[in-house]
Structure formats: C-alpha cells, structure tokens
Amino acid sequence: MGKGKVYKIGVIPGDGVGPEIINAGLEVLKSASSRFEFRLETVHYDFGGDRYLRTGETLPDSAIEEFKKLDAIYLGAIGHPDVKPGILEKGILLKIRFDLDQYINLRPVKLYPGVWTPLKDKGPEHIDYVVVRENTEGAYCGIGGFFKKDTQDEIATQLDINTRKGVERCVRYAFELARNRNKKKTLTCVDKANVLTFSGDLWRRTCRDVNRDYPDIKLDYAFVDAACMWMVKNPEWFDVIVTNNMFGDIITDLAAITQGGLGVAAGGNINPEGVSMFEPIHGSAPKYAGKNVICPVATIAAGAMMLNVLGEKKAADCIEKAISKALSEKHIKSLEAGRMGMGTSEAGELIAKFVSEI
Ligand code: IPM
Ligand code: MN
C-alpha cells in the first residue's frame with residue numbers, strides 16, 4: 001500500500017444515473033490515489049429513492065452521526081420518478097447540507113478548452129468565475145406552512161431566513177476565495193436589494209463590513225436579474241460571486257449552460273470546519289439511467305474538488321488537467337447524453353488513464 005494519508009469517503013450513488021457516474025468518478029479517484037500515494041477508504045450507502053420506496057426511510061439521524069466521522073462524502077444524484085418531489089430532496093440532500101452545516105455551496109463556472117458554449121464569441125478566457133452560494137438558510141430553511149389548505153382562501157408561506165452569522169461566514173469565505181484566486185480580485189454580491197430591502201440590506205452591509213478585512217478585494221453589487229444578463233453578455237466581468245441559497249441555485253443552472261451544460265458543472269457543499277460533500281450539480285436523469293450514456297465529467301470534476309478540499313492539491317490539479325485533455329483533444333466529443341462518442345464507463349476509464357500518465 002502507498003504511503004500518504006488515508007481518507008474515509010462516504011459514497012452515496014443515489015438514484016437514476018447516480019451509480020454510473022459515481023463508478024466513473026471512483027475509477028478516476030482510484031487512479032489519482034495510486035499515482036499521488038494517498039488512500040481512499042470508501043463506505044457505500046444506499047440512500048435514495050429505491051430505498052425510500054422499499055422502507056419508507058430517507059436518511060436516519062444515525063447516518064448523519066456516522067457521516068460526521070468521515071473525511072468527505074461523494075454523492076451521485078438524488079431524485080426518483082415514483083417519489084413525490086421534495087421528499088428525497090429535503091429528506092436526503094438538504095438534510096445532509098443542513099445537518100452537517102455545509103454552509104458553502106461552491107460552484108466553479110469554467111469553460112474548458114474545446115467545449116461548446118451557447119455564448120457567441122466567448123471562450124475559456126471569458127468564462128472562468130466561481131459562485132459561492134449560501135447553502136444552509138434563505139428560502140431553503142423549510143419554515144412556513146399552509147393556512148386554509150385546499151380551500152379558496154388558501155395561504156402558503158415560505159420564509160426567507162437570513163442571519164447575520166450565516167451571511168457573514170459565507171461572505172468571508174467568498175472574500176478569502178477572491179484573494180486566493182488572485183485573478184480580478186473582485187467579489188460581486190448578487191442580490192435583489194432594490195425590492196428585498198431587508199435581506200438585501202443585510203447582505204450588502206455585511207459585504208461592506210467584511211470588505212474592511214479584505215481591502216485588496218474590490219466589492220461590487222449586482223441585482224440578480226441584471227446578473228443573469230451579464231452572465232450571458234459579459235461573463236468575463238465576474239471573478240467570485242456571492243449570493244443567497246435561492247438565487248445561487250437559479251443562477252448556477254444558467255452558469256452551467258454557459259460552460260457547456262450540466263454534464264460538466266460540479267459543486268461542493270462545504271463546511272470548512274467539518275465534513276463536506278461533493279456532487280455534480282445535475283440531477284438523477286432517470287430517462288438515461290442504466291444506459292451508460294450520461295457524461296461523467298461533472299462527477300469527476302466534483303471528485304477533483306473533493307481532493308482539493310482534503311488537501312491533495314496535486315492530485316486535484318492532475319484530474320483537472322486530465323479532464324481538460326479529454327475535452328480539448330475531443331476524445332469526449334460532447335457533454336450531451338449519448339453524444340460523447342463513448343460510454344459513461346469508457347469516459348471514466350479514459351480520464352483515469354490520463355490521470356496516471358499526464
Ligand atoms: C441543486 C439542486 C437542489 C437545490 C435540489 C435538488 C434540492 O437543484 O443542488 O442545485 O435546489 O439545491
Ligand atoms: Mn439547482
């Protein structure tokens with residue numbers, strides 16, 4: 001066995017295409033671990049739609065306690081066509097994010113060389129920024145309810161909770177990231193402060209306050225609607241974006257298509273002081289399940305992010321380079337399902353091979 005550290009990784013393949021993309025991702029991680037001499041000890045968990053349909057259980061609290069002893073979690077996708085929307089998302093994905101206090105959702109937006117983008121006249125030099133999405137509060141906190149449900153007078157509420165502590169730790173992380181990236185040294189706070197005058201004000205005041213500790217970083221603001229337009233028209237203006245949970249969810253799907261699609265977009269649910277979870281940002285795509293056609297690059301990139309956060313930076317860079325090679329040299333022809341020119345598992349094997357050779 002290699003020298004180096006041993007990392008205990010919880011693996012949750014989940015639903016739909018989850019198991020296929022996770023297998024491809026693990027193949028690449030295995031290759032990185034033997035080349036860079038660390039060890040990954042994986043523990044598999046079968047949480048997901050099938051288990052829920054069989055047992056009625058989403059994710060027990062005991063699993064959360066087990067997860068707390070891991071070094072990281074590697075997740076495929078959650079979502080099952082036979083389960084009502086919300087149950088698995090809240091019961092598994094959001095439960096892990098919230099219970100492990102993974103307060104950062106880190107979503108790099110990077111166009112790899114050779115990859116198609118719908119943005120005319122834009123290339124990899126224009127599309128390279130990171131969205132820091134607050135991940136444990138906002139409209140996702142699950143506070144609200146119905147009044148007079150199923151009547152003509154029905155009312156539904158859904159509270160948008162923004163705490164100074166929650167906003168500040170997220171904003172601090174984003175400033176730190178802008179400093180470490182050392183690119184444009186700009187942080188853009190994306191909000192809707194012209195209408196959401198309370199929460200927007202809290203976010204802007206917090207950004208201004210924290211900016212005092214980061215005088216080398218330029219602080220910018222953009223309303224979320226306008227930001228959507230700039231992300232299409234002038235993505236090169238962005239370096240690091242910080243935003244709330246809901247806006248971050250929405251703008252990162254838009255961002256994903258500008259980098260070629262959901263097939264390449266990875267995300268990290270990070271608790272800088274605890275256990276983090278890494279996943280592709282796409283869903284379980286049930287119609288492609290078991291067909292070996294889905295692109296595993298997003299999951300592989302999520303694996304690289306995981307190694308980066310664990311401190312295996314050389315291995316993470318190497319996986320990034322291997323992805324870049326597979327895409328820029330057109331070994332993988334497209335990120336779209338069924339159009340890669342090879343299967344999911346072959347794409348995993350190819351990138352794993354590049355990781356051992358580059
Ligand atoms: C994401 C997803 C989730 C979210 C859903 C599945 C709960 O869309 O990770 O972006 O809204 O956060
Ligand atoms: Mn989303």
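For the range 209-224, the criterion of being over 29 Å from residue 74 (Cα atoms), within 16 Å of ligand 1 (Cβ to nearest atom), in the same structural domain as residue 183 (by TED's automatic domain parsing) and surrounded by 17 or more Cβ atoms within 10 Å (Cβ to Cβ) is satisfied by at least one residue. No other residue among 29, 70 is in contact (Cβ under 8 Å) with a residue 40 or more places away in the chain and either under 28 Å from residue 255 (Cα atoms) or of a type in the set (S, T, N, Q) (or both) apart from 29. Restricted to the range 235-248, and to residues there that are buried (at least 19 other Cβ atoms within 10 Å of the Cβ) and not β-branched (Val, Ile, Thr), the residue that is farthest from ligand 2 (Cβ to nearest atom) is 239. Looking across 89, 65, one residue alone is away from ligand 1 (no atom under 12 Å from the Cβ), assigned to a helix (DSSP H, G or I) and not small (Gly, Ala, Ser). It is 65. Within the range 268-285, is there a residue that is in contact with a His (Cβ under 8 Å, 6 or more places away or on another chain), closer than 20 Å to residue 94 by Cβ and either of a type outside the set (A, V, I, L, M) or without any contact (Cβ under 8 Å) to a residue 60 or more places away in the chain (or both)? Within the range 268-285 (the criterion being in contact with a His (Cβ under 8 Å, 6 or more places away or on another chain), closer than 20 Å to residue 94 by Cβ and either of a type outside the set (A, V, I, L, M) or without any contact (Cβ under 8 Å) to a residue 60 or more places away in the chain (or both)), the answer is yes, since at least one residue qualifies.
For the range 47-64, a residue qualifies if it is surrounded by 13 or more Cβ atoms within 10 Å (Cβ to Cβ) and of a type in the set (D, E, K, R), and the qualifying residues are 50, 51. Of all residues in the range 340-358, which are assigned to a helix (DSSP H, G or I), closer than 17 Å to residue 291 by Cβ and among the small types (Gly, Ala, Ser)? Result: 345, 347, 348.
Among residues of the range 114-126 that are surrounded by fewer than 13 Cβ atoms within 10 Å (Cβ to Cβ), those with a beta-carbon under 8 Å from a residue that is acidic (Asp, Glu) at least six positions away or on a different chain give the pairs 125/236. Just a yes or no: is a residue in the range 149-157 surrounded by fewer than 18 Cβ atoms within 10 Å (Cβ to Cβ), away from ligand 2 (no atom under 16 Å from the Cβ) and among the hydroxyl-bearing types (Ser, Thr, Tyr)? The answer is yes, given that some residue of the range 149-157 is surrounded by fewer than 18 Cβ atoms within 10 Å (Cβ to Cβ), away from ligand 2 (no atom under 16 Å from the Cβ) and among the hydroxyl-bearing types (Ser, Thr, Tyr).
So, in the range 283-313, how many residues would count as being within 16 Å of ligand 1 (Cβ to nearest atom), farther than 17 Å from residue 11 by Cα and of a type outside the set (A, V, I, L, M)? Matching residues across the range 283-313 total 1. Can you find a residue that is buried (at least 20 other Cβ atoms within 10 Å of the Cβ) and not in a helix (DSSP H, G or I) anywhere in the range 20-30? No - not one qualifying residue is present in the range 20-30.
Could you check the range 118-133 and list, in sequence order, the residues that are in a loop (DSSP other than H, G, I, E, B) and either under 26 Å from residue 221 (Cβ atoms) or among the acidic types (Asp, Glu) (or both)? Hits for the range 118-133 are 119, 121, 122, 125, 126, 127.
The values are calculated or read from the model by the stated rules, or taken from the named source; none is laboratory data. Owing to the predicted nature of the structure, the values given are computational and were not obtained by experimental measurement. A quick note on method: Cβ atoms are made from the backbone with ideal geometry, for glycine too, and the neighbour counts reach across all protein chains shown.
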